[in-house]
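Working notes, beginning with the structure itself.
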Amino acid sequence: MGKPDALRVPLQQERVGAGAGAGTGVNTSIEASIGAQPGRHPGTHLEVCPKGGSATGSQPELWITGGATLRGSFEPPGDKSIAHRAAMLAAICEGDSIICNYPRSQDCASTLRCLQALGVGVREKVDSLVVSGRGLCGLQEPENVLDAGNSGTTMRLLAGILAGQNGLFVLTGDASLRRRPMGRITGPLRVMGAMVDGRAGGALAPLVIRGFGGTGLLARRHVLPVASAQVKSCILLAGLYTDGTTTVVEPAPSRDHTERLLEFAGVRVKKRLPGAGAASFPGMCSPDPPRACLPWAADVAGGGVAPEISVDGGQAPRPFRLVIPGDLSSAAFLLAAAAALPGSKATAVRVSANPTRLEFVRVLAGMGAQVSIEHVECNGPEPVADIHVEHSNLVGVHIPPEAVPSMIDEVPIFAVMACTASTPSSIHGIGELRVKETDRVAATIEELSRMGARVEQDGDSLRIQPSPLRGTRVSARGDHRMAMALAVAGLVASGTTVVEEWDCVSVSYPDFLGDLNSLIVGEPRGRTTRCWLSGAAHRQPPSNAY
């Protein structure tokens, strides 16, 4: 299936940063689209505005009728977390790096726009991006502010790199990102001697960074109160600009893509388990991988205990060639739908099987779904596999706080799955969801309750009772994860569900509807009666809705 032509990268000589509007989001040399225009939805079998509404000048909404059966395989977009990190790391290499399967999403386009404004060359080839790095300390001061759009990863990780550059840098984002907490990175960066400020004393964007250049930052040991891959990554990247060893300690394991990519690019990263000696991080999976690389490993630390991660300053990464695996957090929504819908089975092809990302797959298996991980390959920094899920009668599960960091993006879809189970479920330690693109705790409770779910909040926990869902009008609230979770809720609900603010799905998975439609059994090619897009002007649901 074709993917939307959503990302255009200029030739080297057309680099952003040479004129007005650099880094502001005004420049259109890199564009991310939602893959939908009035009257068509490229690369899908969906019909836009089939009821006579017009999407022109209005936000599209998704109309979806429950009761579908899904069968087949799909390849989700490249992993968003890995893509951000790969592009930023390539930017501080000396020379050209090649990145294949870079995702065509708005968030990842934001990272490229910022890098171009910093003087980094980005060229698009037929099947890859070529990123021309400027060296460890070679990023140039931009002429304008750097706009991270909706991407917290862009803002937080780039801040760590910019603290070590020469110049003045201002990072901003959209209204949602400007509400998200930044004190968790400005605090550690200030401890390292960085000059960084922002609104509310540095707690909110826009952020202003005056870089020292070279190895002018101070090496420190950081003990984080909350497990966060973004905060850990910001500190480790800033650690490259110190004259000593920077260490990060987390209360629980979080995603380890930054550590793997650093090692892959020749930067030595050390990890130490409590009570054990130090060892290098596995930056390259071997053909006969150790347990840490196997997809069903509990986590890279073992036993749910987070290792101390350290990096020595002054190490310059080497250019690399990387094939980004598919994004398991995006694939999770369609895999969950297959687990919940009778007669369904679906396979996500060539996705990341990183042990720190597999918690939701383990949860599906624990709920009774038939899950298998096949064709495991370990020829790069990340294990890659096909993940197959088949429907079964689901039962409730209870998820402890230490498991949440490894499935932080999948909590809304877990709540949907829990509604379809035969026994109660709960998930604990989800306070971090309050500071995502929206308050995902409140959004999950309120939107699923509209559909008849029995979901209750108990402090930082959710308790979900088995409850049949019914179609109604709900809102994604501008949050791409909520949009996809509510789409799956519409599939398992009776009647028709209308998801407002659907266009936010382009932040991470522009072709979600195309991949969903390709899996629906029994629909004639070229149109679907199960799901379609409509313009906001068309407000009335079809007669069978609700």
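So what is the relative contact order for segment 167-219, in percent, with contacts set as C-alpha pairs under 8 Å and at least six apart?
Worked out over segment 167-219, it gives 44 percent.
Evaluated at 37 °C with a viscosity of 0.692 mPa s, what Stokes-Einstein diffusion coefficient in µm²/s does segment 85-168 have when Rh comes from the Kirkwood expression over alpha-carbon pairs?
Calculated translational D: 258 µm²/s.
In 10 Å bins starting at zero, report the fraction of Cα pairs in segment 147-195 per bin as a rounded %.
Once binned at 10 Å, the Cα pair distances of segment 147-195 give 25, 58, 17.
Accessible area of Lys345, 1.4 Å probe, to the nearest 10 Å²?
About 90 Å², ignoring ligands and nucleic acids.
For each pair in Lys125/Lys271; Lys80/Lys270; Lys271/Lys345; Lys80/Lys125; Lys232/Lys345, compute the distance between the two Cα atoms and list the pairs where it is over 29 Å.
Table pairs above 29 Å Cα-Cα are Lys125/Lys271; Lys271/Lys345; Lys232/Lys345.
Over 26 Å apart: what share of the alpha carbon pairs of segment 102-250 falls there, rounded to a whole percent?
Distances greater than 26 Å cover 21 percent of the Cα pairs.
Might you work out the accessible area of Arg463 for me, using a 1.4 Å probe with all protein chains in place, and round it to the nearest 10 Å²?
Probe radius 1.4 Å; accessible area of Arg463 about 90 Å².
Over the alpha-carbon set of segment 119-203, work out the extent along each principal axis and list the three values in angstrom, largest first.
Projected onto its principal axes, the Cα set of segment 119-203 covers 44, 28, 22 Å.
HN-Hα J couplings of segment 361-378 from phi, Karplus 6.51/-1.76/1.60, θ = phi - 60°, integer Hz, Gly and Pro as x?
Taking θ as phi minus 60°, the curve returns 5, 5, 5, 4, 5, x, 7, x, 5, 7, 10, 9, 10, 10, 6, 6, 10, 9 Hz for segment 361-378.
Hey, what do the phi angles of segment 467-479 turn into as Karplus ³J(HN,Hα) couplings, whole Hz, using 6.51/-1.76/1.60 and θ = phi - 60°, x for Gly and Pro?
Values per residue, Gly and Pro as x: 7, x, 8, 10, x, 6, 8, 10, 10, 6, 6, x, 10 Hz.
What is the projected area of the convex hull of the Cα atoms of segment 362-403, averaged over all directions, in nm²?
One quarter of the hull surface, i.e. the mean projection, equals 3.9 nm².
Return the long-range amide H neighbours of Val323 (sequence gap of 5 or more, or a different chain), with a cut-off of under 5 Å between placed amide H atoms.
Cys100
For Glu75, Glu456, write out the residues from largest to smallest accessible area, computed with a 1.4 angstrom probe and no ligands counted.
My answer, sorted largest first, is Glu456, Glu75.
Check Arg454: other-chain or 5+ apart residues with amide H under 5 Å from its amide H, H built from backbone geometry?
Counting only residues 5 or more places away or on other chains, the set is Gln465.
Can you work out ³J(HN,Hα) from phi for every residue in segment 179-194, in order, using Karplus 6.51 cos²θ - 1.76 cosθ + 1.60 and θ = phi - 60°, giving whole Hz and x for Gly and Pro?
8, 7, x, 10, x, 5, 9, 5, x, x, 5, 5, 4, 7, x, 6
If amide H atoms are built 1.01 Å from N in the plane of the peptide, which residues on other chains or at least 5 residues away come under 5 Å of the amide H of Gln59?
For Gln59, whose amide H was placed from the backbone, the distant partners under 5 Å are Ala536.
Give me the distance between the Cα centres of segment 470-513 and segment 115-147, rounded to whole Å.
Answer, in whole Å: 34.
What accessible surface, in Å², does a 1.4 Å probe find on Asp460, ignoring ligands, DNA and RNA and rounding to the nearest 10?
80
Within the P(r) computed for segment 361-457, what percentage of the Cα pairs occupies the region above 17 Å?
Tail of the P(r) past 17 Å holds 57 percent of the pairs.
From largest accessible area down, sort Ile64, Ile373; use a 1.4 Å probe on the protein chains.
I get Ile373, Ile64, largest accessible area first.
The values are calculated or read from the model by the stated rules, or taken from the named source; none is laboratory data. Just so you know, these numbers come straight off a predicted model, no measurement behind them. All accessible areas refer to the heavy atoms of the entire protein, side chains included, with ligands and DNA or RNA removed. Shrake-Rupley method; radii C 1.70, N 1.55, O 1.52, S 1.80 Å.
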